[in-house]
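Following: one structure in structure tokens, then a few remarks.
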């Protein structure tokens, strides 16, 4: 075997292994992303459930989210700001049916969802997320 052929086979081998690593990382990222999005949805659901059992709803909701944010940030670090918790709540309210969540936004990132939740009309937000999900799929 010539030196040139040997080098070509080695490069091909290395490129094949790189492709395997990249595919594995992509699959892992997609799985983690899907779990995190459902986690955020579940947090939003619990916030809404807790608020519905609280008194003086508006003030209670604000205090509840501030308390939860402080504790989650202390325990788990960044990512649980009061702003994010309000977004989790809004995410749940926009997609309160978990089946809709699974069928419409399963392949989107939290960044896609967060950006779309800025749209004030929930019907429009759902439409934008559905459209983005179809494009990304």
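Taking residue 24, is it at pLDDT below 85, farther than 21 Å from residue 97 by Cβ and surrounded by 10 or more Cβ atoms within 10 Å (Cβ to Cβ)? Spell out how you get there, then give the answer.
Numbers: at pLDDT below 85: no; farther than 21 Å from residue 97 by Cβ: yes; surrounded by 10 or more Cβ atoms within 10 Å (Cβ to Cβ): yes.
The answer is no for residue 24.
I'd like the residue in the stretch 38-66 that is in a helix (DSSP H, G or I) and at pLDDT below 80 and, out of all such residues, is surrounded by the fewest Cβ atoms within 10 Å (Cβ to Cβ). For the stretch 38-66, the residue satisfying everything is 53. Find the residue count for the stretch 103-130, including only residues that are touching a residue at least 60 places away in the same chain (Cβ under 8 Å) and either surrounded by fewer than 19 Cβ atoms within 10 Å (Cβ to Cβ) or closer than 21 Å to residue 46 by Cα (or both). Of the residues in the stretch 103-130, 6 are touching a residue at least 60 places away in the same chain (Cβ under 8 Å) and either surrounded by fewer than 19 Cβ atoms within 10 Å (Cβ to Cβ) or closer than 21 Å to residue 46 by Cα (or both).
Being surrounded by fewer than 17 Cβ atoms within 10 Å (Cβ to Cβ), touching a residue at least 40 places away in the same chain (Cβ under 8 Å) and either closer than 19 Å to residue 45 by Cα or over 15 Å from the mean Cα position of the chain (by Cα) (or both), is that true of even one residue in the stretch 79-94? For the stretch 79-94, residues surrounded by fewer than 17 Cβ atoms within 10 Å (Cβ to Cβ), touching a residue at least 40 places away in the same chain (Cβ under 8 Å) and either closer than 19 Å to residue 45 by Cα or over 15 Å from the mean Cα position of the chain (by Cα) (or both): present. Does residue 33 qualify as being under 18 Å from residue 133 (Cβ atoms) and either more than 23 Å from the chain's Cα centre (by Cα) or modelled with pLDDT of 85 or more (or both)? So residue 33 passes the test. Within the option set 10, 66, being farther than 28 Å from residue 133 by Cβ and either in contact with a strand residue (DSSP E or B) (Cβ under 7 Å, 6 or more places away or on another chain) or in contact (Cβ under 8 Å) with a residue 12 or more places away in the chain (or both) holds for one residue only, 66.
Mind checking whether some residue in the stretch 87-104 is in a loop (DSSP other than H, G, I, E, B) and more than 23 Å from residue 127 (Cα to Cα)? No, the stretch 87-104 contains no residue that is in a loop (DSSP other than H, G, I, E, B) and more than 23 Å from residue 127 (Cα to Cα).
The values are calculated or read from the model by the stated rules, or taken from the named source; none is laboratory data. Keep in mind it's a predicted model, so treat the numbers as computed, not measured. No Cβ is skipped: glycine too gets one built from the backbone with ideal geometry, and neighbour counts run over all protein chains shown.
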